[in-house]
Structures are given as C-alpha cells and as structure tokens.
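Reading through the structure tokens given below for one structure.
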Amino acid sequence: MSNLDAWLRLTLVPGVGNTSLIRLLTAFGSPEAVLSCGRAALSVHLTAAQCDALLAGPDIAQLDAALTWLEQPGNSLMTLADTDYPKTLLEIADPPAVLYCKGQRSLLSQPALGIVGSRNATPQGVRDAEAFAHALSDAGLTIVSGLALGIDAAAHRGGLAGAGSSVAVIGTGLDRIYPARNKSLAHQLVETGLIVSEFSLGTPPLPGHFPRRNRLISGLTRGVLVVEAAPDSGSLITARVAAEQGREVFAIPGSIHSPLARGCHALIKQGAKLVESAADILDELAWQQPLDPPLLRQDRPQGERQAADPLPVLPETPVDPVLDALDGAPTTLDTLAQRTGLTLDALSAKLLMLELDGHIASLPGGRYQKIH
C-alpha cells in the first residue's frame, strides 16, 4: 500500500470526521499505523459505529475514482505529513488532514490575504473588491476567497490579475464547481491560481460545509478583508473565525443607508480595522513587498497577457434596455416598468434571466441593482 493510498483509505471512511482523524493520527503517528490497528486500539478514540466503518474501509469505487483523479495533471493531495503543508493551517484548532489541490499548489506557501463579502454585492462593492485584490496581489500577497458570486468572484479576478495570484477554497468536491456561473473563473484559477478543498470528490454543496470552508479561508491568511456584508452574512463568520485564529480583520465602510454596509460597520465597532485603500492594509500588516513576488506575470504560461500588454479590444454588444434602465442605484420593479415600458410579467422574466447570467443582483425589498 502506498502512502497516498493509505491517506485516501483513511480519510474516505464515512462517519469519521476530521477531528477524529487528527486524534487517530496523533495517537498512532501515520495513516498506515491507524489502518493496521485492531478494534481494541481504535475503540479508545472512536465510537463503536466509527470503528465498524474504519475496519470495513472506504468504498472501493470512491477510492479508485480519487486515485484516477490524482493521475491528472495539476491534481494533487496535500497531507499533514507533507513538508509543504501550510504552516498557517497548523496554527488553527482543526487543520484538515488532507487538502485536494488543483492548480499551482506552491501558492499555499505564499503570504496571503482573504477577501470575502456579499453574494448580492453592489456594483461599487464588486469594483472595490477587485481593485483591492489587484493592488494587494501586485504587492505580493496571494488573494484567498471562496469562489462565491459577488465579492468572492471579484476578489479572485483581482488576485489573478496581479503578481500574487489567487486561491479559491471551496465547500464541495473539486470535481464540482459551485456555483456553475463561476465555471470560467474556476478554469482561470486552475491555470494560474489554485482551487483547494478538504472535501472528497463528489461532495455536494451542503450548507454545513461552508462554515468549515470559511475557517480555511482565514486560516490560510494573515488577515481577512470584508467588502459589503449584511448583518446575517456568512462573511461575518469568516471574520469571527479569523479573529479567533489571531488574524487581522479589515472592513470597508459604506453608507449608513445600505443594508450591505451594516455587517462591515458592526465589525468596525467590534474592533476591525476600517480601511479606505489597499495601502491601509499593507501598513497594518507592516508589509514589505518581496523582491521576487511568487507568481510574476512573466513566469506564467506562454500566451498569458503580460502587465504591459494592452487590454484586448472586445466587440461591442447591444445595450439591454433593462440593464440600461438600472442606473447603479437599487431600483424597484415598478420604477423599471415605468422606465422600460415592459409589463410586470415580461419585466420579471427578463430580470430573472439577467440575474441568472450574473448581470444583476436582487436586493431586499424587491429592488434590483446592476453588478457589471
């Protein structure tokens, strides 16, 4: 049995979670040693049901699928025993026993900053997230986020555009892209960034997985920046966990009238650093830009656009009358009907399509706002 095979056999056992795995590895020293244990030794650390599961072993089809996936270029399994396992994750209370990696694994060894925020971000929030991420990435920090719509996606785009690139930590198996609208962004991350998950292949997007994902976003970084968050936003979980892990927490303030600013304002009241520019974050971190940032553009695969290259000229696209009627401020359905002349039924159908395509966001109170 190879070492990699042993790690997979141990971590793919159903019903034996990460905390139990860490307990076993601490007690016995290696996955091979754990797998060679009898029931008496295992029962000291596991429940009867967990002992049964571990002695029965993982589903062979799932094990074979994982081994086949690992044979593909760019795919790897990082374990607690690996020398390049991120030291920052070893500092947190519940480090993952394994990480499935797709892309530039070396990015996990680079200094990083997390950027998170609302899925239903305003256009200004999206611009802020992308601009901050780009500036911080160019300063040599890798941008870590969760591949969600809105602020996360903007943060990844900005990070990929800079020298430090970007890492996406996801709450599903790496063979699933969630949400599907970020499929193109995920491909970019695989090419010049990284996507990681502690969840085995085939794992669906279950709600309980995302708080666990959030602890890794903060755990991989020196600090977390929150850009737009409602009071009940999952981004505040990331900020809270970051503070518990001893990371810096930053927040961008907004209008007192904006629901998406209230979460950031609450964080600032609780001690988060109010920031107005990327320089504020770099100063707080006492950051000195490395002479050789980790992923300079000239080091990227041939064909990638260089920093000095002009942006490609995109073909003009027809102006959508509904998008044109959205002037940047949250707008009600009735106001849009007046501006476009469309019936409410036709307008509702059009708004749904625009939202599914990622052009607009639906806000509380039946209002809509353009994203791009």
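The values are calculated or read from the model by the stated rules, or taken from the named source; none is laboratory data. The structure presented is a predicted model; accordingly, all values stated were derived computationally and were not measured. Note: ideal-geometry Cβ built from the backbone for every residue, glycine included; neighbour counts use all protein chains shown. Surface areas here come from the heavy atoms of the whole protein model, side chains and all, with no ligands, DNA or RNA. Shrake-Rupley method; radii C 1.70, N 1.55, O 1.52, S 1.80 Å.
Of the whole protein surface, Phe199 contributes about 30 Å² of accessible area at a 1.4 Å probe radius. Reducing the range 201-247 and the range 1-58 to their Cα centroids gives an inter-centroid distance of 28 Å.
With the charge dipole of the chain set up from +1 on Lys and Arg Cβ and -1 on Asp and Glu Cβ about the Cα centre, the Cα lying farthest toward the positive end among the listed residues Gly103, Ile256, Leu326 is that of Ile256.
Carbon-plus-sulfur accessible fraction, the chain (probe radius 1.4 Å, protein heavy atoms only): 55%.
Excluding Glu130 itself, calculate the net charge of residues whose Cβ lies under 13 Å from the Cβ of Glu130, where each Lys or Arg counts +1 and each Asp or Glu counts -1. Spell out each step's value before the answer.
On the way: positive: Arg127, Arg157; negative: Asp128, Asp138, Asp152, Glu228.
So the environment of Glu130 carries a net charge of -2.
If you run the Gaussian network model on the chain, springs between alpha carbon atoms under 10 Å, then out of Asp175, Asp280, Asp334 the most flexible one is Asp334.
DSSP bridge analysis restricted to the range 31-148 gives an antiparallel fraction near 60%, rounded to the nearest 5. Antiparallel beta bridges, as assigned by DSSP with both residues in the chain, represent about 45 percent of the total such bridges.
Output the 0 to 90 degree angle, nearest 10, between the alpha-carbon long axis of helix 151-161 and the longest principal axis computed from the alpha carbons of the chain. Between helix and principal axis, roughly 80 degrees. Below 11 angstrom from the Cβ of Glu32, what's the summed charge of the other residues (Lys, Arg +1; Asp, Glu -1)? Once positives and negatives cancel, what remains is 0. Taking Cβ atoms as reference points and 11 Å as the exclusive limit, the residues near Ala66 contribute a net charge of -4, counting Lys and Arg as +1 and Asp and Glu as -1.
Taking each DSSP H run with n ≥ 4 as -39500 (n - 2.57) and averaging over every residue of the chain yields -11500 deg cm²/dmol at 222 nm. Counting only protein chain heavy atoms and rolling a 1.4 Å probe, the accessible areas of Leu220, Leu67 rank, largest first, as Leu67, Leu220. The overall shape of the range 123-220 is prolate: from the C-alpha gyration tensor, with semi-axes ordered a ≥ b ≥ c, the ratio a/c is 1.5 or greater and a/b exceeds b/c. For Asp175, the residues whose modelled amide H falls within less than 5 Å of its own, excluding neighbours fewer than 5 places apart on the same chain, are Gly202.
Answer rounded, prolate or oblate for the range 1-96, using the Cα gyration tensor with square roots of eigenvalues a ≥ b ≥ c: rounded when a/c is under 1.5, else prolate when a/b is larger than b/c, else oblate. Verdict is oblate for the range 1-96. Helix 18-28 sits at what angle to the longest principal axis of the chain, using alpha carbons and giving 0 to 90 degrees rounded to 10? Here the helix axis deviates by roughly 30 degrees.
For Cys37, Cys264, what's the largest-to-smallest order of accessible area, 1.4 Å probe?
Values: Cys37 25, Cys264 0 Å².
Solvent-accessible surface, decreasing: Cys37, Cys264.
Listed by chain and number, the lysines placed with their C-alpha closer than 22 angstrom to that of Lys102 are Lys87, Lys183; residues fewer than eight positions away on the same chain are left out.
For the chain, the average shadow cast by the Cα convex hull is 21.2 nm², which is a quarter of the hull's surface. About its Cα centre, the dipole of the chain is roughly 580 debye, where the only charges are +1 on Lys and Arg Cβ and -1 on Asp and Glu Cβ.
The mean accessible area for residues of the chain, using a 1.4 Å probe and ignoring ligands and nucleic acids, is 47 Å² per residue. Judged by the ratio a/c of the largest to the smallest principal axis of the C-alpha gyration tensor, the range 14-68 counts as prolate, that ratio being 1.5 or greater while a/b is larger than b/c. Using Cβ point charges alone (K and R +1, D and E -1), the dipole size of the range 105-190 about the Cα centre works out to roughly 240 debye.
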